[in-house]
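Asker: Have a look at the structure that comes next, please.
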Amino acid sequence: MRDRLFYLISKYNLKANSDLGQNFLIVPDIIERNVERAELSEKDAVLEIGPGLGVLTDALSKKAGKVYAIEKDSRLVKILRTEYDWPNVEIIEGDALKVEFPEFNKIVSNLPYQISSPITFRFLKHDFERAVLIYQLEFAQRMVAKPGDKNYSRLSLMVRAKARAELVERIGKGAFWPRPKVDSAVIILEPKPPSERIELDENLVRALFQHRRSTVLSALKKSHHMLRLTKEEFRKVREVILKVPHGEERVFRLSPEDVEEIGEFLRREGVI
Ligand code: SAM
């Protein structure tokens, strides 16, 4: 696998494009472990973001019924289409943040780190069974952070509202070519059953987490413009806002249920 990757790199005289987060996996064990973690069978349709030179795609195609691989770099799309003859892989050329997703039930990907945040939010808007994803370590740690942790953020809260996330393996820089500047980690993401998912008001979450170390009351005051309230309008509802649930709690300690409660109160009182 590693030989094939370097053969392709030298055959096409390929320079990795760091703007596209091109750090190719060169350790076969990691690929095998992630394919195992996806628990694939013939019944599965897998979405892969950024197939690169196809090393993970190749392993996925041997286990899944169908693989959809979305790749933005047209040079790589050309190489994939020339070098491989997978019967069950569809290469989709385009930006994974923009192209329409095909029908899939699993996701396995060594993600381009530049789009970690928006692509994760996009995944969470879809229904799927399980995702096995490689992220930068720091991002992965934020995904699994709990309320009150020092790195608990908007991302942690939004993930927690919709899914169970587990960090299952740390990966050193040496597992990639070219070597990235930071370590990575594997996350398994499983959406919660619909009855347990919490729909949060994204504007409210942004407004609160803009000031994650402040109390809820103070964060709402400082971010009133993000709730589309002018200073004057905020002044009028000030008395109401003083009664907001969890008003004295620090934002970084709020669970999704707490934020849901705050949202319900503000809607009921006509503030948002
Ligand atoms: N899967 C390969 C591997 O594991 O070796 C490559 C992973 S590399 C970290 C990320 C891949 O995502 C690159 O092939 C890059 O060109 C592609 N990519 C970057 N931005 C993208 C985007 N917005 N949409 C689709 N693919 C993208």
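The values are calculated or read from the model by the stated rules, or taken from the named source; none is laboratory data. All values derive from a computational prediction rather than experimental measurement. Virtual Cβ from ideal backbone geometry, glycine too; neighbours counted across all protein chains shown.
Asker: Return the only residue of Leu80, Leu97 being of a type outside the set (S, T, N, Q) and crowded, with 17+ Cβ neighbours inside 10 Å. Steps first, answer last, please.
Answerer: Working: Leu97 fails: crowded, with 17+ Cβ neighbours inside 10 Å.
Leu80 is the lone residue from the list that is of a type outside the set (S, T, N, Q) and crowded, with 17+ Cβ neighbours inside 10 Å.
Asker: Residue by residue through the range 191-221, note down the ones that are modelled with pLDDT of 95 or more, in contact with a Lys or Arg (Cβ under 9 Å, 6 or more places away or on another chain), farther than 18 Å from Arg122 by Cα and surrounded by 13 or more Cβ atoms within 10 Å (Cβ to Cβ).
Answerer: Correct list: Ala207, Leu208, Phe209, Gln210, His211, Arg212, Ser214, Thr215, Val216, Ala219.
Asker: Out of (1) touching a Lys or Arg at 6+ places or on another chain (Cβ under 7 Å); (2) part of a loop (DSSP other than H, G, I, E, B); (3) buried (at least 17 other Cβ atoms within 10 Å of the Cβ), the odd one out for Ile91 is which?
Answerer: Looking at each condition in turn, Ile91 falls short on (2).
Asker: Any idea which residue in the range 39-58 is farthest from the chain's Cα centre (by Cα), counting only those that are more than 7 Å from the ligand (Cβ to nearest atom) and aliphatic (A, V, I, L, M)?
Answerer: Top of the filtered list is Leu40.
Asker: Next question. Being surrounded by 13 or more Cβ atoms within 10 Å (Cβ to Cβ) and within 13 Å of the ligand (Cβ to nearest atom): is that true of Glu71 here? Break it down stepwise before answering.
Answerer: Details: surrounded by 13 or more Cβ atoms within 10 Å (Cβ to Cβ): yes; within 13 Å of the ligand (Cβ to nearest atom): yes.
It is true that Glu71 is surrounded by 13 or more Cβ atoms within 10 Å (Cβ to Cβ) and within 13 Å of the ligand (Cβ to nearest atom).
Asker: Which condition from (1) in a helix (DSSP H, G or I); (2) among the β-branched types (Val, Ile, Thr); (3) closer than 30 Å to Gln22 by Cβ; (4) in contact with a Lys or Arg (Cβ under 7 Å, 6 or more places away or on another chain) is the one that Ile188 breaks?
Answerer: Just one mismatch for Ile188, condition (1).
Asker: In the range 156-178, what residues are in a helix (DSSP H, G or I) and buried (at least 20 other Cβ atoms within 10 Å of the Cβ)?
Answerer: Ser156, Leu157, Met158, Val159, Arg160, Ala161, Lys162, Ala175 - these are the residues of the range 156-178 that are in a helix (DSSP H, G or I) and buried (at least 20 other Cβ atoms within 10 Å of the Cβ).
Asker: Here's a follow-up. Specify which of the listed residues (Asn17, Asn13) is out of contact with any strand residue (DSSP E or B) (no Cβ under 7 Å at 6 or more places or on another chain), away from the ligand (no atom under 12 Å from the Cβ), farther than 22 Å from Val186 by Cα and at pLDDT 95 or above.
Answerer: Details: Asn17 fails: away from the ligand (no atom under 12 Å from the Cβ).
That would be Asn13, the only listed residue that is out of contact with any strand residue (DSSP E or B) (no Cβ under 7 Å at 6 or more places or on another chain), away from the ligand (no atom under 12 Å from the Cβ), farther than 22 Å from Val186 by Cα and at pLDDT 95 or above.
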